[in-house]
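Data first, discussion second: the structure below is written as structure tokens.
The values are calculated or read from the model by the stated rules, or taken from the named source; none is laboratory data. These numbers were taken from a predicted model, which means no experiment stands behind them. Note: ideal-geometry Cβ built from the backbone for every residue, glycine included; neighbour counts use all protein chains shown.
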Amino acid sequence: MANDESIDEAERRISHDVMLLALRGPMARDLREILAALRIPADIERIGDYAANVAKRSIALNAAPPLPHVAGLRALGLLAAGQVRQALRAYREGDDELALQVRDNDARLDQQYTALFRELLTYMMEDPRNITPCTHLLFMAKNLERIGDHATNIAENVWFLHHGEQPLPPRDKRDDTSTTGTT
């Protein structure tokens, strides 16, 4: 955790340096396409990893009694899958406006994740027998939220590909599960 900010800063510096090179070269658009073509598959690979984790946990949950709170997880999964489809469509069709829509919708996915997180914590506090299955659901929900983040990364790469810069403000984050509520 201590190195996370320095790693993020190093990635930003490298991306900035590559962007400067791409913008100054005679084939800036070609270089941006190469950069996007390198980044997007990495996001797709991570999406696959998260999807595999959701599948593994669903197998474990299949052995437990049915849970009433799976509807929220299903809704979150549908939203995340829709984000991925839209991001890939934006890339395929070169649609930077659709990419911005995907980016803006990430806050909705974060908000849904936070609501499900709180709901599952409530079920665990009400009955300790819910702790194990709800923990599986929490991990599945977080994986789905991360899938949405990677879809947003793809969308941001589509914007970069078409505009050669990232004039986008920081995106609205509504995942409040990592705060203590005391700030």
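I need the full set of residues from region 59-91 which are of a type in the set (D, E, K, R) and at pLDDT below 95, in order please.
74
Condition first: closer than 20 Å to residue 151 by Cβ and either of a type in the set (A, V, I, L, M) or touching a Leu at 6+ places or on another chain (Cβ under 6 Å) (or both). Now tell me which residues in region 54-85 satisfy that.
Residues satisfying the conditions are 54, 55, 72, 73, 75, 76, 77, 78, 79, 80, 81, 84.
Name every residue in region 81-100 that is farther than 17 Å from residue 49 by Cα, of a type outside the set (A, V, I, L, M, F, W, C) and in contact (Cβ under 8 Å) with a residue 60 or more places away in the chain, in order of residue number.
86, 91, 94, 95, 96
Pull up region 152-174, narrow it to residues that are under 11 Å from residue 103 (Cβ atoms) and modelled with pLDDT of 80 or more, then point me to the one that is surrounded by the most Cβ atoms within 10 Å (Cβ to Cβ).
155
Go through (1) at pLDDT below 95; (2) under 23 Å from residue 44 (Cβ atoms) one by one and return the number of the condition residue 127 breaks.
Tallying (1) at pLDDT below 95; (2) under 23 Å from residue 44 (Cβ atoms), residue 127 fails exactly one: (2).
Can you give me the number of residues within region 10-58 that are at pLDDT 70 or above, acidic (Asp, Glu) and more than 16 Å from residue 156 (Cα to Cα)?
Total meeting the criteria: 3.
Name the residues in region 138-151 that are surrounded by 24 or more Cβ atoms within 10 Å (Cβ to Cβ) and either modelled with pLDDT under 95 or under 8 Å from the mean Cα position of the chain (by Cα) (or both), would you?
144, 147, 148, 151
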